[in-house]
C-alpha cells in the first residue's frame, strides 16, 4: 500500500511539473533521452543506438535496474526535465511516467522493445487472457514508433501497445547486430571470460527462463522443478552451469520477496553453478553458451542467430499458456527439444540437438529483419525523417 501511494504521488507530481514546464521549455530538437528501469547499465538496443548515433546530438541516459528503487531529488528532476524537452525519447521496456506526460507536437516516443519476435502476450494483449490484466499503462498508446523484427509480428505489437500498425516497423533489433560480426562476438566472449574465468574450457549451459507471476512485482519461479543440484551432478565437471534470472525475478530475489535457489555443497565431480544475473547484457552470455535452457523467454530469438542448441524447459506449459497467453501456436516457437522434468532436461542438454529442420520457418516468421544492419535502419527511421 505504501509503495502504491508513493507511485500515485510521483505520477501526480510529474503530471503537474510536465504541464507547467511545457509553458517554459522549448523542445530541443537535438536532445535524446535513453530510458530504462530494468538494467544495471546502458545496454541492449539502447546502447547499440547510443553508440552509433551522431555526436551532434545531446545524449542523456537515465537507467536503473529496478523501478522500485528511489531516486535522489536532483536526479529525478533532471529526468523529468529531459522527458519534457527532449525531441527523442528512446525506450526498451515499460516506463511508467509516459502515462502522465503530454507528448508534444514533433516529439518522438520510440519503443525499441527489449525482446525480439513476439512470444508471451503483454500490454493490452493481456486484457483477454486468463490473467485478465485490466490496469494497462496508458503510456503505451503514446508511442510514435515501435521497432520489431519481422513483418509477421507487427500486428502483435500494434495490439500490445494499442497503436496504429503504421507506427510499427520491421527494422530489426539493434542489439542483434553483434551476432553478424565475428570480431564483436570474440570481444563479447572475452568480456565474459574476464568476468568469469572458470568458464574457459568448459561446456557452458546458460539457464535463462522468464519469470512467473501476473506482474513483475509478483515475479517468482519454481526452482525446485529445475533442480540445479541434480543437473550439476548429472552433467559432471566438464560442464559449467550459469544462471541468468529475469531482471524482475532477480530484483525480487535480492529484496527477499521471493525465494532463491538453494544449492547443496559442491562436489568436485559435479558441474559448477554460477549465478550471472548481475552481469549486463545477456547477449554477451549467449556467445559463450554451448546450450541455452529457457522457456517462454524472448531470449530464444536472439540465441537463434548463433545457430546453437536450445532446450525448452516448461514444467507448467498448460497453466502458463492459459493464463499468460502466447501470440502464436507454441509449436511455431520451437527449434530445440522440449522437456517437462529435470531428468529429460538433463538428457536433452547432453544431446545438444539443433533441430535444423525447424529453423528456416522460425527465421521467416520472427527474425527476418535481423541481418546485422538493424541499428543503421533504426537510426535512419527515427532520426532521418522517415515516417512511412
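No value in this document is a laboratory result; all are computed from the given coordinates. On a predicted model such as this, the values are computed, not experimentally measured, just so you know. Note that each Cβ is placed from the backbone with ideal geometry, even for glycine, and that neighbours are counted across all protein chains shown.
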Spin-label point model (7 Å from Cα, Cβ direction): what's the residue 358 to residue 238 distance in nm?
2.4
Per the helix-only model, the chain has a calculated mean residue ellipticity at 222 nm (DSSP H runs of ≥4, -39500 (n - 2.57) each, divided over all residues, rounded to the nearest 500) of -9500 deg cm²/dmol
List residues of segment 219-238, by number, whose backbone nitrogen lies under 18 Å from a label position 7 Å along Cα→C-beta of residue 343.
224-236
Among 127, 253, rank each residue by its count of other Cβ atoms within 10 Å, from fewest to most, as a rough exposure measure.
127, 253
Suppose a student asked you for the relative contact order of segment 190-306, using Cα pairs under 8 Å spaced at least 6 residues apart; what percent would you report?
37
Rounded, prolate or oblate: which one fits segment 19-94, using the alpha carbon gyration tensor with axes a ≥ b ≥ c (rounded when a/c is under 1.5, else prolate when a/b beats b/c, else oblate)?
oblate
Let me understand segment 100-143 better: what is its radius of gyration from the alpha carbons, and its Dmax, in angstrom?
12.9, 38
FRET efficiency for residue 138 and residue 4, using Cβ-Cβ distance with R0 set to 25 Å, rounded to 0.05
0.90
Calculate the all-directions average of the projected area of segment 32-153's alpha-carbon convex hull, and give it in nm².
8.7
Everything considered on the Cα gyration tensor (a ≥ b ≥ c; rounded for a/c under 1.5, else prolate if a/b is larger than b/c, else oblate), the chain must be described as prolate
Take every Cα pair under 8 Å in the chain that's 6+ residues apart, average their separations, divide by the length, and report that relative contact order as a whole percent.
19
Would you please classify the overall shape of segment 170-292 from the alpha carbon gyration tensor, given that a ≥ b ≥ c denote the square roots of the eigenvalues, rounded means a/c under 1.5, and beyond that prolate means a/b larger than b/c while oblate covers the rest?
oblate
Relative contact order in percent for segment 191-257 (Cα pairs under 8 Å, 6+ apart) equals 44
Could you list 136, 207 so that the one with the fewest beta carbons within 10 Å of its beta carbon is first and the one with the most is last?
136, 207
Over segment 87-197, one equal point on each Cα, no solvent: what is log10 I(q)/I(0) by the Debye formula at q = 0.15 Å⁻¹?
-0.73
Span from the segment 1-59 Cα centroid across to the segment 191-260 one, whole angstrom
31
